[in-house]
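Read through the structure below, which is laid out as structure tokens, and then see the notes.
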Amino acid sequence: MQIRSSKEPERSEPDLRTLKGLVSAAELAEMLRKGRRTSFGKWRPPEYGRWGVLYAAASEREALGGLKFVDELADVKKQVDDLSYQVESVVSELKQCKEGISTILNELRGRPITKQTELFEIDETLELIRPIPVVIEEYDDEVIATFPEIEAVGAGLCESEAIINLKKEIRKIFFELEGVSDNKLGRLPLGWKRVLLKVVKKIGSSQ
Amino acid sequence: MGVLSSFKSKKMTSALEKKLSLDLSGKEPSDWYCLDDKKVLRVRITNVHGSANLSTGAAKDLRNSLKLDEEGLKRLYNCPMKGKDYENKIRSMGYVQ
């Protein structure tokens, strides 16, 4: 986190550190003699008058003490300004963090719990030559079972229902592709057909 | 998640049937998207609830089967992507050999 210096002094505010230099011993004596605001004279910027700590000063020592106090106050003010800026930065960063966490939580809520299993059987018409890998995705309100290699998907309210529907889908795709010549299939279905012929063996009719 | 879960089942089915000339009737709607007399993609809507809105899983599956990203599915669902636009996209992706 970058911490920058306090904000620039306002134009109407004098730099308090220069005030001490501005009040030389001779000037101070003159000011103490006059004891009022007018001691600054017309040639001085009128806004300097607002730092009139000397007005009620009874002696040079007291006046210098007042100037010192003003310097200290100025330092404190700068520190408070710095602190204020830092707090603003921290609040801003916390706000960004909060938004980020909220986004991540929404993403996570949309993501399913995923696990893998295998199919060992389809139905009385198709025999599996070897087990089929299946990806199970559990959403809040449904379960999706997928055989990714042929993009076969079964959905259900629970895992078993999703798997049953996936089996139906695999069977459907098999019989939809089985009798179709390869030149009538696009790149993807042709690949699915090849995969199915390697993992599934027909043992009954589609009816 | 926000976009994927905001599709109306009927509107989506209607858009796909009209733009891609599919028949998505029946309990387990699926059909082949054909180009040049070839079966190119298998499009399905697995809306397990039969609810008005497509579930997140069904929308994701549909998106995968159509080979579209979230924005593409949204464009197909709404007016911007026409049937011809989709055909050009699928051809450019090399799914028709």
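The values are calculated or read from the model by the stated rules, or taken from the named source; none is laboratory data. Keep in mind it's a predicted model, so treat the numbers as computed, not measured. Cβ atoms come from the backbone with ideal geometry, glycine included; neighbour counts cover every protein chain shown.
Among the residues making up the stretch A:181-193, a single one is charged (D, E, K, R), surrounded by 14 or more Cβ atoms within 10 Å (Cβ to Cβ) and more than 8 Å from chain B (Cβ to nearest Cβ): A:K193. Report yes if A:E137 is buried (at least 18 other Cβ atoms within 10 Å of the Cβ), within 13 Å of chain B (Cβ to nearest Cβ) and under 20 Å from B:T46 (Cα atoms), otherwise no. Yes: the conditions hold for A:E137. Scan the stretch A:52-73 and give yes if some residue there is assigned to a helix (DSSP H, G or I), in contact with a Leu (Cβ under 9 Å, 6 or more places away or on another chain), at pLDDT 85 or above and at negative phi, otherwise no. Yes, there is a match, as at least one residue in the stretch A:52-73 is assigned to a helix (DSSP H, G or I), in contact with a Leu (Cβ under 9 Å, 6 or more places away or on another chain), at pLDDT 85 or above and at negative phi. Within the stretch A:155-166, the residues that satisfy the criterion of being facing another protein chain (nearest Cβ under 10 Å) and small (G, A, S) are A:A155, A:G156, A:A162. Among the residues of the stretch A:183-192, those that are of a type outside the set (K, R) and under 50 Å from the mean Cα position of the chain (by Cα) comprise A:L185, A:G186, A:L188, A:P189, A:L190, A:G191, A:W192. Within the stretch A:167-180, the set of residues being of a type outside the set (D, E) and at the interface with another protein chain (Cβ under 10 Å from one of its Cβ atoms) comprises A:K168, A:K172, A:I173, A:L177, A:V180. Selection of the stretch A:140-154 for residues being within 36 Å of the chain's Cα centre (by Cα), at pLDDT 90 or above and within 12 Å of chain B (Cβ to nearest Cβ) yields A:V143, A:I144, A:A145, A:T146, A:P148, A:E151, A:V153, A:G154.
Show me the helices (runs of 4 or more DSSP H) entirely contained within chain B in which 3 or more residues are crowded, with 17+ Cβ neighbours inside 10 Å and away from every other protein chain (no Cβ under 13 Å). Even if it seems obvious, please write down each step before you answer.
Numbers: elements: B:9-20, B:56-66, B:70-77, B:83-92.
Those helices (runs of 4 or more DSSP H) span B:9-20, B:70-77.
Whenever a residue of the stretch A:106-118 is within 8 Å of chain B (Cβ to nearest Cβ), its partners that are of a type outside the set (K, R) and part of a loop (DSSP other than H, G, I, E, B), lying with C-beta atoms within less than 8 angstrom and at least six residues away or across chains, give the pairs A:N106/B:M1; A:N106/B:G2; A:E107/B:M1; A:R109/A:D140; A:R109/B:M1; A:G110/B:M1; A:P112/A:Y139. For the stretch A:114-134, the set of residues classified as of a type in the set (A, V, I, L, M, F, W, C) and surrounded by 10 or more Cβ atoms within 10 Å (Cβ to Cβ) consists of A:L119, A:I122, A:L126, A:L128, A:I129, A:I132, A:V134, listed by residue number. The numbered conditions (1) within 14 Å of chain B (Cβ to nearest Cβ); (2) in contact (Cβ under 8 Å) with a residue 24 or more places away in the chain; (3) out of contact with any Gly (no Cβ under 6 Å at 6 or more places or on another chain) are all true for A:T103 except (2).
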